[in-house]
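To start, the structure under review is shown below, and the notes come after it.
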Amino acid sequence: MLNKLILGAVLSAGALAGCARQEAPAAVAATATAAATVAAPAASGPAVRVSPDLAMAGVDATPLLKALFGDYATAKDGGVVATLNDPDQPGSQGLYLLSRVASTVLPGGETVLVFNGEACNEAGEAQTAHATPGLLSFFLLKQEQGAWRVLRRHENVAALGSFGNVGTLSWVALAPGKVGLAAEHGGTWQGYTSLFLALIDVSDPQPRDLMGEEAQVLADTEGACGGRVAECWDVRARWRILQPAAGARYGALAMDFDGEQRVATPASLAAADADADEDNVVRTTKRIGGSARYVYDGKAYKLASGANPIPTF
C-alpha cells in the first residue's frame, strides 16, 4: 500500500516529475513533449469564455484534487498516483501517475481539470518508453455550498503523443459556448518529427477525438537531413476554428501551411554514391504553402476542400 502523503507541492500544473522514463530528444522536447504548455486560444474562432489556467490564476487546487482522488498518494518526486479505468482492458483498472496539465471554467460554471497520465507501478514510477503515448483524462467539477462535487469523470479518453506525454494543449472555441481542448501531439523518430491535431469537446458527455482522419500539423526532418537522404521537410500548419455555419454543431477547421521541401538532385546523389562523399549532395528548395478546410459531418471532422501537403513519415 502506498503511503498517504500530505497534499502540497504536487499540485503544480507543470509537474511531470517522478517518472522513470527515457529522456526525449531535443526536437521532441521543443515540440511534442510540452504537455505542461497551455497555449492561447486560437484566433478568429467563435466567441467563448475561457478562463486562464487555475495554477496561473493562483487558485489552490487541493480541494478539487481531494474531491477527485480522496486522500490520494504522490509519487516520490511528485505527481498524483491514482487508480483509473484501463483503456486497453474494458472493465479493468490500473495504476497511473497523473500530472495536471490544464484547467479552465466552462460557460456554465463547471471547472475542468485535465491530466496527463502514464501507467506506473506502486512506487509511482511511470512505465514509459519512446513509443508509449500519454493518456489524457479530464474531470468536471462544480462548487456547491462550499464543497466541490464531481460532475463527470472522463478517464483515459485518448492516447496521444510519445514518451508518455500528450503534447501541447490549448483551449479553443468549437462553437459559441462550446469549449474544446486541442492537443498537438506526436514525436521524433530517428530525426523525423511529426505532430498531429486532436480536438475534444469537453462538454460532451461521451468525449472523443473529433478528428476522424489524421490531420498532421508539422513535419520536420532537421535531425535526419543529410547524407544520402533524398527529401527533407520543414513545414507547419497554422490552424483555427471558424464561426460555425447555420445548423452546424462545430465550426470548420481551417489550416494554412507554410514551409519548404529540400530535394536532392539525382545527379548529386549518383555522384555521392560513386565518390562515397555525402558532403557533395546538392538539394533544391521548394516552398510549401496552401490551405485546407475540415468540416464536422456529424461524426468527425473530414477534409472538405484544399489539401494537406505535410508528409507522414
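Just name the residue that is farthest from the chain's Cα centre (by Cα) out of those in the stretch 110-141 that are more than 17 Å from residue 205 (Cβ to Cβ) and of a type in the set (Gly, Ala, Ser).
Among residues in the stretch 110-141 that are more than 17 Å from residue 205 (Cβ to Cβ) and of a type in the set (Gly, Ala, Ser), the one farthest from the chain's Cα centre (by Cα) is 123.
Here is a list of conditions, (1) farther than 23 Å from residue 308 by Cα; (2) out of contact with any Asp or Glu (no Cβ under 8 Å at 6 or more places or on another chain); (3) not in a strand (DSSP E or B), and residue 226 meets all of them except one; can you say which number that is?
Here residue 226 clears every test but (2).
When only residues in the stretch 145-167 that are hydrophobic (A, V, I, L, M, F, W, C) and part of a loop (DSSP other than H, G, I, E, B) count, which is surrounded by the fewest Cβ atoms within 10 Å (Cβ to Cβ)?
163
The rows are residues; the columns are (1) among the small types (Gly, Ala, Ser); (2) buried (at least 19 other Cβ atoms within 10 Å of the Cβ); (3) touching a Ser or Thr at 6+ places or on another chain (Cβ under 6 Å).
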| residue | (1), (2), (3) |
| --- | --- |
| 80 | no, yes, no |
| 99 | yes, yes, no |
| 108 | yes, no, no |
| 111 | no, yes, no |
| 115 | no, yes, yes |
| 119 | yes, yes, no |
| 124 | yes, yes, no |
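Among the numbered criteria (1) closer than 21 Å to residue 84 by Cβ; (2) out of contact with any Gly (no Cβ under 9 Å at 6 or more places or on another chain); (3) assigned to a strand (DSSP E or B), which one does residue 206 miss?
(3)
Of these, 159, 129, which one is under 30 Å from residue 248 (Cβ atoms), out of contact with any Cys (no Cβ under 7 Å at 6 or more places or on another chain), aliphatic (A, V, I, L, M) and in contact (Cβ under 8 Å) with a residue 40 or more places away in the chain?
159
So, in the stretch 188-244, exactly how many residues are among the small types (Gly, Ala, Ser), modelled with pLDDT of 95 or more and farther than 29 Å from residue 267 by Cβ?
3
State all residues of the stretch 80-107 that are under 23 Å from residue 201 (Cα atoms) and without any contact (Cβ under 8 Å) to a residue 24 or more places away in the chain; if no residue qualifies, say none.
88, 90
Do you know which residues across the stretch 229-278 are assigned to a loop (DSSP other than H, G, I, E, B), loosely packed, with under 14 Cβ neighbours inside 10 Å and among the small types (Gly, Ala, Ser)?
Matches in the stretch 229-278: 230, 245, 246, 247, 276.
Taking interchain pairs and intrachain pairs at least six residues apart, which have beta carbon atoms under 7 angstrom, with the first residue in the stretch 243-257 and touching a residue at least 40 places away in the same chain (Cβ under 8 Å) and the second among the basic types (Lys, Arg) and crowded, with 20+ Cβ neighbours inside 10 Å?
250/178
The values are calculated or read from the model by the stated rules, or taken from the named source; none is laboratory data. This is a predicted model, so every value here is computed, not measured. In this analysis, Cβ positions are derived from the backbone assuming ideal geometry, glycine residues included, and neighbour counts consider all displayed protein chains.
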